[in-house]
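Input: a single structure, listed below in C-alpha cells.
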Amino acid sequence: MRSPILAALLATASSAATIDWTAAYEKANASLAKLSLNDKVNIVSGVGWNKGPCVGNTAAVGSISYPQLCLQDGPLGVRFATGVNAFVPGIHAAATWDRALMRERGQFMAEETKGVGVHVLLGPVAGPLGKNPAGGRNWEGFGADPYLQGIAMAETIEGMQSVGVQANAKHYILNEQELNRETMSSNVDDRTLHELYLWPFADAVHSEVVSVMCSYNKINGTWACENPYVMDTILKKELGFQGYIMTDWNAQHSTSPAATAGLDMTMPGSDFNGGSVFWGSKLTQAVNSGEVPQSRLDDMVRRVLAAWYVLGQDSGYPATNLKASVQGTHKTNIRATARDGIVLLKNDDSILPLKKPAKLGLVGSAAVVNPQGMNSCTDQGCNTGALGMGWGSGTASYAYFSAPDAAIKTRAQADGTQISMSASDSTSAVGSAVNGADVAIVFITSDSGEGYITVENNAGDRNNLDPWHNGNELVKAVAAANENVIVVIHSVGPVILETILAQPSVKAIVWAGLPAQENGNALVDILYGDASPSGKLPYTIAKSASDYGIQVVSGNDDYKEGLYVDYRKFDRDEIEPRYEFGYGLSYTNFTYSDIFVDGRPNAGPATGDIISGGRADLWETIITVTVTVANTGAVQGAEVAQLYIGFPESAAAPPKQLRGFEKLALEPGASDIAAFNIRRRDVSIWDVAQKEWVVPEGTFTFSVGASSRDIRLSGTLDSV
Ligand code: BGC
C-alpha cells in the first residue's frame, strides 16, 4: 500500500553533514607547499607521552600559523579538565534512542572542548561494538547493534563538529575486549567485518568525521595501525574517508609499514616510558631513503591540515587551558539523557510511580555518593558509592554528583515521606532500614573499564555478569524483610537477574544504567512519575551468561559467532532472553496501527560514485515504512518504535536486524506517525566474492514493534 506521506518523507531524507572538503584541501595544499620535511614530520608525529598539555600533542608550525595540536580524551567529556561536565556515557545515550538528545550531547561536549582549547576530542566510540557482554569498554560505545551504533555515531559527530571540534571515531577496529588487547589478533571474515563492525564507522565517515583512531589489536594477523586492508582499502578507498588516521596510544609497531599501509599520525609519539619512537626523525630517514614515498608523507600532512581547515580551526580557536570554566547550562542535556536512558524492566502492581509512601527504606552503598569524594578515584577506577560511569581513559571528572539518597530525600519531603536508610551492602543492616517501610528501594551495581586499571579483581573486562558487592544476597535480604521492593541497578552492561526475579517481593526493576552526574535527579524523575520511563535496552539481558555464546578469550579471537551477536544469536537459536534488545516499559500504553510499506529493493549490486561513507547509492532512501503509534494510556509518554528487517532466505542473514527507530513523545489520547527511511545499504548484504554490497533476491519482511521481540505489525516486499 502506498503511504500518504511518502513524498514528504523522501524530501526530508537525512543528508550528510555539509562540510567542504574541496575548499579545505585547497588550503591544505597551499600550506603544504610552504613546509619543510621537518615541518611535515612534526605535523604527523606526537611529541611524546607527557610532553604537552594534552594526552596527545604535536608541534606548532609557525610558517602556516598551525598550533600545537591538542588531542584529549574522551567520549563523554573532557578528561583531566576541572571546569567541565561529565556527560552520560555512550551506552546510556544509546538507551534513550533519542536522536535529538544524542546530537545535543555531542554539541554540548564539543562546546566545552572548544572552550578549553582542545582541538580533537577522542570520541565517539563504535568499537567495541559490544559483542562480548563482559567487554570492559562496551559502556563507552552505543550498544550491541551496528545500526543503533551508527545512528548514535552520526548524531554525535555532527553535533560535535558543528561547533568546530574535531571528532575521532575509535577504536578501529575489532577491539572487543580488554584482556590482551595489545597482543591479540581478531580474526574475522569479510562479511561479518562489513555488516557488524565496520557499519557504524561507515556512518561516522558519512557524517564527515575528520579523524579515526586505529586500535591496539591485530586484524587477521596484522596490527590494526599497519593494516593496509582496513586502513587503505576499506577506510580510505571503499568508504572514501578524507580525514586522517591516528594510532591509539602506543599502538604503533613500525615506521615504514605503518606509513605505507595508510597511517597518518602517531600518538602520543612514544610509549609511556619515552621509548618506542617510530616516527619523528625515523620517518624523516625513511622518506629520505625512499622507503616511504614523499607523496605518502604529503598525503598524511594534507589530511591532517584539511581536517583542521575544514572545521575552521584556523581562525579564532581558543588557546588550550584545561582549567577554564565552560560548563554553561549543559547539565540540562545530562539530566534529560540520564532520565530518558533509564529502562523500566518490571513494574508489577503498578508499584511505580511512587504514590506518596508514608515511609521509604533505602538500602545499598550505591545509594550514596562515594564517601571518599566523587572524583577520588583516578580515572573513576573504583566502584565505591553511586555509579555514574565505568573506568579508564574514557572518563571525566564529575562537576557535581546528584546521589540517589539526596535526590530522593529532597523529593520525599514534599510528600511528608519518612526515609530510613542503610548505606551499606551488609545484609545484616537491612532490617532496620526496611522493616515497616511501605516501599523498599535497594541499589546494586556492576562496573567495568579499561584494562590498565583493575577494580575489585576485574582487570577491565568483567569477571562475570553478576551484580557486584553481593548484590543478589542484598536484594534477597531486602525482599525477605519487605514485600514491596524496587531494585535499582546501575550497570555498564547486562547483569543476570534470575536470583532477583525469583523473589516475590521484588515488584519493580529500574535499569538505571550509567547516568553520570545526574544519577539521583534522573532516578527521582522516573520513580515519582515526573517523567514516564522511555529508555529501551541497547543490549539483551539473558537468563544465563552462557546464552550469549561469547566470552572474553585468552588468545586470539576467531569471531566464530560471525553475525550472530546479541539478539541476532538469541533469535536464530530460539533462546528466550530475560529482557530482549529494545525492551522497556512505560507508565502508559502504546498501540500500533496502519503499516504502509512502499518502495522497491532492486536486487543485485548497484554502482555509484564513492562519497564519504561509501558508494553513494547505498545512502539513498529506497523504501519507506510508516506506522501510526497512539498513546492509549492515561499519562504522557514516549515510545521508541523500532523497525526490524527480515532478509530473504537467500541472504543467510540473522532473522531480524534493526534498521530504523523513531522516538515519539505523545500526550494521552494522541497519536503520531513513525516514519522509517530505508536506504539501499539497509537491505544489502556484503557479498564476499564480489566484494560489494548487494541486495539479495527474494522477499523482505519489515516488522515494526516495541522491542526486538514485541513485533506489532509487519509487511513484505519482493526484490526484483
Ligand atoms: C585508549 C584510548 C585513549 C588513549 C589516550 C588509550 O589507552 O585506548 O581510547 O584515547 O589511551 O588516553
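Of note:
- Residue check, residue 550 within 21 Å of residue 461 (Cβ to Cβ), of a type in the set (A, V, I, L, M), open to solvent by less than 10 Å² (accessible area, probe 1.4 Å) and touching a residue at least 24 places away in the same chain (Cβ under 8 Å): no
- Of all the listed residues (24, 59), the sole one being in contact with a helix residue (DSSP H, G or I) (Cβ under 8 Å, 6 or more places away or on another chain), open to solvent by 10 Å² or more (accessible area, probe 1.4 Å) and either of a type in the set (A, V, I, L, M) or not in a helix (DSSP H, G or I) (or both) is 59.
- From the list 529, 555, the lone residue that is assigned to a loop (DSSP other than H, G, I, E, B), under 18 Å from residue 350 (Cα atoms) and open to solvent by 10 Å² or more (accessible area, probe 1.4 Å) is 529.
- Candidates in the stretch 408-451 are the residues that are closer than 20 Å to residue 499 by Cβ and among the acidic types (Asp, Glu); of these, the one that is most open to solvent (accessible area, probe 1.4 Å) is 425.
- The stretch 274-285, residues that are part of a loop (DSSP other than H, G, I, E, B), in contact (Cβ under 8 Å) with a residue 40 or more places away in the chain and not small (Gly, Ala, Ser): 277, 279
- Within the stretch 264-275, restricting attention to residues that are within 15 Å of the ligand (Cβ to nearest atom) and farther than 22 Å from residue 202 by Cβ, the residue that is most open to solvent (accessible area, probe 1.4 Å) is 273.
- Taken over the stretch 583-600, residues that are part of a loop (DSSP other than H, G, I, E, B) and farther than 26 Å from residue 144 by Cβ amount to 4.
- Against the test of being closer than 27 Å to residue 318 by Cα, open to solvent by less than 10 Å² (accessible area, probe 1.4 Å) and outside any helix (DSSP H, G or I), the options 127, 123, 136, 106 yield a single qualifying residue, 123.
Conditions (1) out of contact with any Gly (no Cβ under 6 Å at 6 or more places or on another chain); (2) within 29 Å of residue 90 (Cβ to Cβ); (3) away from the ligand (no atom under 16 Å from the Cβ), marked per residue:
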site	(1), (2), (3)
373	yes, yes, yes
377	yes, yes, yes
389	yes, yes, no
398	yes, yes, yes
405	yes, yes, yes
422	yes, no, yes
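- Restricting the stretch 221-263 to residues that are touching a residue at least 60 places away in the same chain (Cβ under 8 Å), within 16 Å of residue 296 (Cα to Cα) and within 16 Å of the ligand (Cβ to nearest atom), the residue that is surrounded by the most Cβ atoms within 10 Å (Cβ to Cβ) is 246.
- Of everything listed in (1) surrounded by 20 or more Cβ atoms within 10 Å (Cβ to Cβ); (2) among the β-branched types (Val, Ile, Thr); (3) under 28 Å from the mean Cα position of the chain (by Cα), the single unmet condition for residue 454 is (1).
- Residue list for the stretch 151-166, restricted to those being within 14 Å of the chain's Cα centre (by Cα) and surrounded by 24 or more Cβ atoms within 10 Å (Cβ to Cβ): 152, 153, 154, 155, 156, 157
- Some residue of the stretch 337-347 being in contact with a strand residue (DSSP E or B) (Cβ under 7 Å, 6 or more places away or on another chain), over 30 Å from residue 20 (Cα atoms) and surrounded by fewer than 17 Cβ atoms within 10 Å (Cβ to Cβ): no
- With respect to the conditions (1) in a helix (DSSP H, G or I); (2) more than 23 Å from residue 288 (Cα to Cα), residue 42 lacks only one, and its number is (2).
- Condition check for residue 355: surrounded by fewer than 18 Cβ atoms within 10 Å (Cβ to Cβ), without any contact (Cβ under 8 Å) to a residue 40 or more places away in the chain and in the same structural domain as residue 515 (by TED's automatic domain parsing): yes
- Among the candidates 507, 536, residue that is among the basic types (Lys, Arg), buried (at least 24 other Cβ atoms within 10 Å of the Cβ) and not in a helix (DSSP H, G or I): 536
- Residue within the stretch 665-688 that is of a type in the set (Phe, Trp, Tyr), in a strand (DSSP E or B) and farther than 19 Å from residue 620 by Cβ present: no
- Filtering the stretch 157-172 to residues that are more than 13 Å from the ligand (Cβ to nearest atom) and within 21 Å of residue 448 (Cβ to Cβ) leaves nothing.
- Residue that is nearest to the ligand (Cβ to nearest atom) [pool: residues in the stretch 175-220 that are surrounded by fewer than 22 Cβ atoms within 10 Å (Cβ to Cβ) and part of a strand (DSSP E or B)]: 218
- Subset tally (residues that are within 22 Å of residue 588 (Cα to Cα), outside any helix (DSSP H, G or I) and touching a strand residue (DSSP E or B) at 6+ places or on another chain (Cβ under 6 Å)) for the stretch 348-383: 3
- Scan the stretch 495-504 for residues that are in contact with a Lys or Arg (Cβ under 9 Å, 6 or more places away or on another chain) and either buried (at least 19 other Cβ atoms within 10 Å of the Cβ) or under 23 Å from residue 562 (Cα atoms) (or both) and the total you get is 3.
The values are calculated or read from the model by the stated rules, or taken from the named source; none is laboratory data. Here the structure is a predicted model, which means the values were calculated and not measured. Glycine gets a Cβ as well: all are built from the backbone with ideal geometry, and neighbour counts include every protein chain shown. Accessible surface areas use protein heavy atoms only, side chains included; no ligands, DNA or RNA. Shrake-Rupley method; radii C 1.70, N 1.55, O 1.52, S 1.80 Å.
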